[in-house]
Amino acid sequence: MCGIVAYIGQRRAAPLILDGLQRLEYRGYDSAGIGLMDSAGSFELHRSVGRVAALAESFEAGKISATLGIGHTRWATHGGVTVSNAHPQLSCHGQFLLVHNGVIENFRELRQFLVEREYSFASDTDTEVLVNWIEFCYRQESGVGIGILPQALRKALKGVQGTYGLALLCRDFPGTLLAARNGSPLLIGVGKEEHIVASDAAAIVTHTSQVIYLRDRELALMSGDELQVSTLQAEKVLTQVCAIDWAAEEVQKGPHEHYMHKEIHEQAQAITEALRGHVDERLASTRFGGIEPLAQELRGLHRLIFCACGSAWHACLEAEYLIEHYARIPVEVEYASEFRYRHPPLARHTLVIVVSQSGETLDTLAALAEAKRRGCSVMGITNVIGSSIARETDCGIYQHAGPEMGVASTKAFTSQLCLLAMLAIHLGRLRDLDYDEGLAFLRALRELPQKIEETLRLEQEISELAQRYAAHEQMLFLGRQTLFPIALEGALKLKEIAYVQAQGYPIAEMKHGPIALISEKCPSFIFETQASLFPKTRSNIQEIRARRGKVILVTTPDIPCDAGECEEHVVVPKTHPALQPILAIIPAQFFAYHVALLRGCDVDRPRNLAKSVTVE
Ligand code: M6R
């Protein structure tokens, strides 16, 4: 949530920061700003409401010679969307300029403390409180030389409750950039005589693949091409430079109009990457090197708890069906935001699995911390190498789906579904799942990318269908068993990018309430791929149509649906039951995408949302 880019080096900072902000815009896009410092210590500040493009148009970045600067794209938390609330925020006496992600929870107390000392404020933000608090602490420090700067910042940050990822400039030290993190991601790209600080790799990858991940309660001091990292306790940190495995072109849209469209079409590739190295023909099973440290524990598991948010939570719900069916291990699926404040009994032999595309979702990180505090081993499934979840879990599996830039999750979701199905089979084979069943799954797994390609060819048909439904303001998504999480996910996609009131339900649950919504104004999107259960679904369809509700039905070719039984019939290829949800969701992704386009919505930057939710 919110994107930070800061630069120190030999190049002109302004164009580079603007370019980085544009790549991070999916993290927040209600306002943006940039602050530059010249060699004499003068600040130049540009801020505007709206997209980064509006900021870029408001001044001539290429003409500014400063080689040091900080930038921000905002997702508002404290204070409305106004220029004065945009970052960077300047301290009252003009000594510090700050960009900040996260939430300062004790900002009211700090503000009151500062007001009593004649500090004044021009914005409603907690960030302005923080920059003034830093200035106050700096002014209390005695001493000279650069050391005073990290010293003051440490003191200030120790007095702060909440989360931050920040980049800071000080007028008294013109060639110096500071960065610090606690709970909001921050990494430092290491180039030739330059450093680029950013909230995620997308802003860095076009310049360098070498990065240092800052950890919580660490701060970095960069001057010239030197970098020193230390803790809030002033202990020196030996940094490790890691390589980002994303290619620069992966963060670009290429021929696609939107990231979401690109990412829907990348699903066969993402699944191919998810399979790589995880298929064990000899054992008729799947294997995961990353979870070896827990091999013993996995054999004796009594219970699994999944924690996640949003689409990742839907993927976990799918895992509940599959793991209970194939591995016979009781599974619970918790919203990470609920788990952290509940007090669930966590008996021995319980493993917690957290799933997160970004690896930075604050609620999921908090659930992880709570599970560890309660003595559980925690496994992670995440797409972003080096992310907080990857670093803080005991072991885990990387999705390798490539960067997902669209705010609506698509390829990361299906890659999670695939990995979780593979995990179900892995756990099943560790217990009493039959050898032949394992082999049948592996066979289907190998054919899956090809079947995804076939399903993607439905786009034209679904875009035409979308035209007939784009004007509806409400819709139901209905499915049974493993297609119930798909119904939830289909509804979420339509809700978040097309702003249609869409609800997902188990289909048989419809008659217990949602049926009251059915009318010619509320169509239903129904998933059914189990031939044995189709007679039941057929009855539900009739109940809907008897009330003038229209039906869009997604099935496999073996479902005996007669012409005229529904308004629209979309057929996806047949695959193994554990993998069928992956094919079933694709028509719903296309539907949401095309309905959103027809309704004139900004598909990649839906209102009020951000890709990576790093606040509570
Ligand atoms: O990065 P994460 O997987 O932890 O993100 C979780 C949710 O914020 C995310 O899935 C969100 O619901 C998406 N907008 C769904 O499309």
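The values are calculated or read from the model by the stated rules, or taken from the named source; none is laboratory data. Keep in mind it's a predicted model, so treat the numbers as computed, not measured. Counting neighbours? That spans all protein chains shown, and the Cβs are built from the backbone with ideal geometry, glycine included. All accessible areas refer to the heavy atoms of the entire protein, side chains included, with ligands and DNA or RNA removed. Shrake-Rupley method; radii C 1.70, N 1.55, O 1.52, S 1.80 Å.
Residues to consider are ARG74, ARG117, ARG51; find the one that is open to solvent by 50 Å² or more (accessible area, probe 1.4 Å), basic (Lys, Arg) and out of contact with any Phe, Trp or Tyr (no Cβ under 6 Å at 6 or more places or on another chain). Please lay out each step first, then the result.
Details: ARG74 fails: open to solvent by 50 Å² or more (accessible area, probe 1.4 Å); ARG51 fails: out of contact with any Phe, Trp or Tyr (no Cβ under 6 Å at 6 or more places or on another chain).
Result of the check over ARG74, ARG117, ARG51: ARG117.
Residues of the stretch 526-540 being surrounded by fewer than 17 Cβ atoms within 10 Å (Cβ to Cβ) and under 32 Å from the mean Cα position of the chain (by Cα), which ones? It would help to see each step written out before you state the result.
Within the stretch 526-540, the first condition is being surrounded by fewer than 17 Cβ atoms within 10 Å (Cβ to Cβ), and the residues that meet it are 531-533, 535-536, 539.
Listed by number, the list is empty, since nothing qualifies.
Looking for something among the acidic types (Asp, Glu), assigned by TED's automatic domain parsing to the domain that holds PRO15 and within 18 Å of ASN182 (Cα to Cα) - is there at least one such residue anywhere in the stretch 235-246?
Yes: the stretch 235-246 contains one or more residues that are among the acidic types (Asp, Glu), assigned by TED's automatic domain parsing to the domain that holds PRO15 and within 18 Å of ASN182 (Cα to Cα).
Look at GLY33 and say whether it is assigned by TED's automatic domain parsing to the domain that holds ASP172, out of contact with any helix residue (DSSP H, G or I) (no Cβ under 6 Å at 6 or more places or on another chain) and not in a loop (DSSP other than H, G, I, E, B). Break it down stepwise before answering.
Details: assigned by TED's automatic domain parsing to the domain that holds ASP172: yes; out of contact with any helix residue (DSSP H, G or I) (no Cβ under 6 Å at 6 or more places or on another chain): yes; not in a loop (DSSP other than H, G, I, E, B): yes.
Criteria met by GLY33.
Which condition from (1) over 21 Å from GLY71 (Cα atoms); (2) acidic (Asp, Glu); (3) over 21 Å from the mean Cα position of the chain (by Cα) is the one that ASP245 breaks?
The failed condition is (3).
If I filter the stretch 335-359 down to residues being open to solvent by less than 20 Å² (accessible area, probe 1.4 Å) and within 14 Å of the ligand (Cβ to nearest atom), which single residue comes out as farthest from ALA274 (Cα to Cα)?
As a first pass, look at the stretch 335-359 and keep what is open to solvent by less than 20 Å² (accessible area, probe 1.4 Å): 336, 339, 344, 350-356, 358-359.
Now drop any that are not within 14 Å of the ligand (Cβ to nearest atom), which leaves 336, 339, 353-356, 358-359.
Values: ALA336: 24, PHE339: 28, ILE353: 18, VAL354: 17, VAL355: 14, SER356: 15, SER358: 16, GLY359: 17 Å.
Restricting to residues being open to solvent by less than 20 Å² (accessible area, probe 1.4 Å) and within 14 Å of the ligand (Cβ to nearest atom), the top hit is PHE339.
Hey, does the stretch 111-131 have a residue that's within 22 Å of ILE4 (Cβ to Cβ), among the aromatic types (Phe, Trp, Tyr) and in a helix (DSSP H, G or I)?
no
Scan the stretch 291-300 residue by residue and report those that are closer than 26 Å to ARG276 by Cβ and open to solvent by less than 40 Å² (accessible area, probe 1.4 Å). Give the derivation first.
Going through the stretch 291-300, the residues closer than 26 Å to ARG276 by Cβ turn out to be 291-299.
Of everything in the stretch 291-300, those that are closer than 26 Å to ARG276 by Cβ and open to solvent by less than 40 Å² (accessible area, probe 1.4 Å) turn out to be ILE291, LEU294, ALA295, LEU298.
Name the residue that is most open to solvent (accessible area, probe 1.4 Å), counting only residues in the stretch 373-389 that are of a type outside the set (S, T, N, Q), within 12 Å of the ligand (Cβ to nearest atom) and touching a Ser or Thr at 6+ places or on another chain (Cβ under 7 Å).
Of the residues in the stretch 373-389, the ones of a type outside the set (S, T, N, Q) are 373-376, 378-381, 384-386, 389.
Remaining after also requiring within 12 Å of the ligand (Cβ to nearest atom): 380-381, 384, 389.
So of that shortlist, the ones also touching a Ser or Thr at 6+ places or on another chain (Cβ under 7 Å) come out as 380, 384, 389.
On the way: GLY380: 4, VAL384: 34, ILE389: 0 Å².
The qualifying residue most open to solvent (accessible area, probe 1.4 Å) is VAL384.
Of all residues in the stretch 88-114, which are crowded, with 21+ Cβ neighbours inside 10 Å and either touching a residue at least 60 places away in the same chain (Cβ under 8 Å) or in contact with a Gly (Cβ under 6 Å, 6 or more places away or on another chain) (or both)?
Scanning the stretch 88-114 gives PRO88, PHE96, LEU97, LEU98, VAL99, HIS100, ASN101, GLY102, VAL103, ILE104.
Of these, HIS426, HIS472, which one is more than 23 Å from GLY277 (Cα to Cα) and either in contact with a strand residue (DSSP E or B) (Cβ under 7 Å, 6 or more places away or on another chain) or in contact (Cβ under 8 Å) with a residue 40 or more places away in the chain (or both)?
Selected residue: HIS472, the only one of HIS426, HIS472 that is more than 23 Å from GLY277 (Cα to Cα) and either in contact with a strand residue (DSSP E or B) (Cβ under 7 Å, 6 or more places away or on another chain) or in contact (Cβ under 8 Å) with a residue 40 or more places away in the chain (or both).
Step by step: first the residues of the stretch 263-310, then only those that are among the basic types (Lys, Arg) and touching a residue at least 24 places away in the same chain (Cβ under 8 Å), then the one that is farthest from the ligand (Cβ to nearest atom). Which residue is that? Please lay out each step first, then the result.
Initially, the stretch 263-310 is screened for residues among the basic types (Lys, Arg), giving 276, 282, 287, 299, 303.
Restricting the remaining residues to those that are touching a residue at least 24 places away in the same chain (Cβ under 8 Å) gives 276, 287, 299, 303.
Numbers: ARG276: 21, ARG287: 24, ARG299: 28, ARG303: 23 Å.
It comes out as ARG299.
Applying the selection to the stretch 394-419, what residues are within 13 Å of the ligand (Cβ to nearest atom) and either hydroxyl-bearing (Ser, Thr, Tyr) or over 18 Å from the mean Cα position of the chain (by Cα) (or both)?
SER409, THR410, THR414, SER415, listed by residue number.
Out of all the residues in the stretch 456-492, which are within 16 Å of the ligand (Cβ to nearest atom) and open to solvent by 20 Å² or more (accessible area, probe 1.4 Å)?
Matches in the stretch 456-492: LEU488, LEU492.
Out of the residues in the stretch 163-216 meeting the condition of being open to solvent by 20 Å² or more (accessible area, probe 1.4 Å) and not in a loop (DSSP other than H, G, I, E, B), tell me which one is nearest to GLU135 (Cα to Cα).
Selected residue: ASN182.
Looking only at the stretch 163-196, count every residue that is aliphatic (A, V, I, L, M) and either out of contact with any strand residue (DSSP E or B) (no Cβ under 8 Å at 6 or more places or on another chain) or closer than 19 Å to LEU90 by Cα (or both) and tell me the total. Spell out the reasoning first.
Looking only at the stretch 163-196, we keep the residues that are aliphatic (A, V, I, L, M), and these are 166-169, 177-180, 186-188, 190, 196.
Add one more test, that the residue is either out of contact with any strand residue (DSSP E or B) (no Cβ under 8 Å at 6 or more places or on another chain) or closer than 19 Å to LEU90 by Cα (or both), and what stays is 166-169, 177-180.
Counting residues in the stretch 163-196 that are aliphatic (A, V, I, L, M) and either out of contact with any strand residue (DSSP E or B) (no Cβ under 8 Å at 6 or more places or on another chain) or closer than 19 Å to LEU90 by Cα (or both) gives 8.
What pairs can you find where one residue is in the stretch 360-386 and at positive phi, the other is open to solvent by 20 Å² or more (accessible area, probe 1.4 Å), and their Cβ atoms are less than 7 Å apart, with a gap of 6+ or different chains?
GLY386/TYR213; GLY386/CYS242
So is GLU370 outside the structural domain of ALA487 (by TED's automatic domain parsing), away from the ligand (no atom under 11 Å from the Cβ), under 22 Å from TYR164 (Cβ atoms) and not polar (S, T, N, Q) or not?
On the way: outside the structural domain of ALA487 (by TED's automatic domain parsing): yes; away from the ligand (no atom under 11 Å from the Cβ): yes; under 22 Å from TYR164 (Cβ atoms): yes; not polar (S, T, N, Q): yes.
Criteria met by GLU370.
Output the qualifying pairs, or none if there are none: Cβ atoms under 6 angstrom, residues six or more apart or on different chains, first residue in the stretch 216-242 and more than 19 Å from PRO174 (Cβ to Cβ) and in contact (Cβ under 8 Å) with a residue 60 or more places away in the chain, second residue part of a strand (DSSP E or B) and open to solvent by 40 Å² or more (accessible area, probe 1.4 Å).
Listed pairs, sorted by first residue: SER230/LYS236.
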